[in-house]
Amino acid sequence: VVTLAGKTQTQKGNSNMAHIAGENYPMCAVVKNVPAGETPAGEMKHMSALVAINVINNTDAPMNVVSAGLGASEDIVGTYYMDFTGEEVVYTPSGDEYVSKVANLEVVGGESIEAGASAKFYLAVKPFTAEAESRLTVYVNGSRKSITLPETTEFKAGKIKTINVTVDPIQHELSTSSTIKSNHYNLMVKRVKVILLGLEVMTLINSLLS
């Protein structure tokens with residue numbers, strides 16, 4: 001059984017990837033058909049996919065990020081049995097109580113993000129494919145928003161997928177678009193209570209933008 005990231009991860013400071021290492025962030029090399037008498041040799045690769053939540057402060061005052069997260073329609077962190085026999089590694093949950101559909105990140109000692117600046121917050125997750133029309137949920141400082149994906153998106157082992165979260169001043173209107181460019185998700189966070197597409201009401205609204 002291998003632990004992949006764990007249900008809660010901790011990042012020290014802004015834009016720091018130092019926590020994406022160690023026993024909860026395994027690496028592997030698969031070597032097959034090695035002739036007798038030869039020493040197996042292979043390239044070590046990360047077994048987890050990485051998500052960078054890039055928080056952009058578009059207000060006129062400093063802000064701090066103390067937590068972030070990502071939710072999916074399937075389990076994305078926890079403990080797994082690994083099957084290396086095929087072309088791709090197969091991840092099987094060790095039990096429902098040992099995995100989670102939400103990856104949580106605690107930020108310790110994060111500096112203030114000045115007006116007009118940004119900072120990244122990194123999560124490791126199980127490699128998975130989010131199908132078109134499925135939903136992802138992004139969390140920043142306790143507020144959350146579910147996004148319906150317009151196309152199938154892969155979170156691949158050893159690769160980073162970036163989610164841009166823009167924090168704007170108070171506004172009274174909200175526009176949305178389903179376009180995603182360059183595999184980067186752009187969310188706008190607005191401090192206003194509105195109805196999003198007639199479906200949801202929240203005090204912090206995150207909209208998917210082109």
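The values are calculated or read from the model by the stated rules, or taken from the named source; none is laboratory data. In this text, all values refer to a predicted model and were calculated from it rather than measured experimentally. FYI the Cβ positions are ideal-geometry reconstructions off the backbone, even for glycines, and counts take in every protein chain you see. Ligands, DNA and RNA are stripped out before the accessible areas are found, and what is left, the full protein with its side chains, is counted by its heavy atoms. Shrake-Rupley method; radii C 1.70, N 1.55, O 1.52, S 1.80 Å.
Scoring residue 109 on the criteria (1) under 21 Å from the mean Cα position of the chain (by Cα); (2) open to solvent by 70 Å² or more (accessible area, probe 1.4 Å) leaves a single failure, condition (2). When residue 28 is tested against (1) over 16 Å from the mean Cα position of the chain (by Cα); (2) open to solvent by 20 Å² or more (accessible area, probe 1.4 Å); (3) at pLDDT 85 or above; (4) not polar (S, T, N, Q), only condition (3) is not met.
Of everything in the stretch 111-135 that is touching a Phe, Trp or Tyr at 6+ places or on another chain (Cβ under 8 Å) and of a type outside the set (Lys, Arg), the residue that is nearest to residue 60 (Cα to Cα) is 124.
Residue-by-condition table, conditions (1) open to solvent by less than 40 Å² (accessible area, probe 1.4 Å); (2) assigned to a loop (DSSP other than H, G, I, E, B); (3) of a type in the set (A, V, I, L, M, F, W, C); (4) under 18 Å from residue 121 (Cα atoms):
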residue	(1), (2), (3), (4)
16	no, yes, no, yes
34	no, yes, yes, no
38	no, yes, no, no
42	no, yes, no, no
52	yes, no, yes, yes
55	yes, no, yes, yes
59	yes, yes, no, no
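All of 74, 23 fail the test of being of a type in the set (Asp, Glu), open to solvent by 50 Å² or more (accessible area, probe 1.4 Å) and under 19 Å from residue 155 (Cβ atoms), apart from 74.
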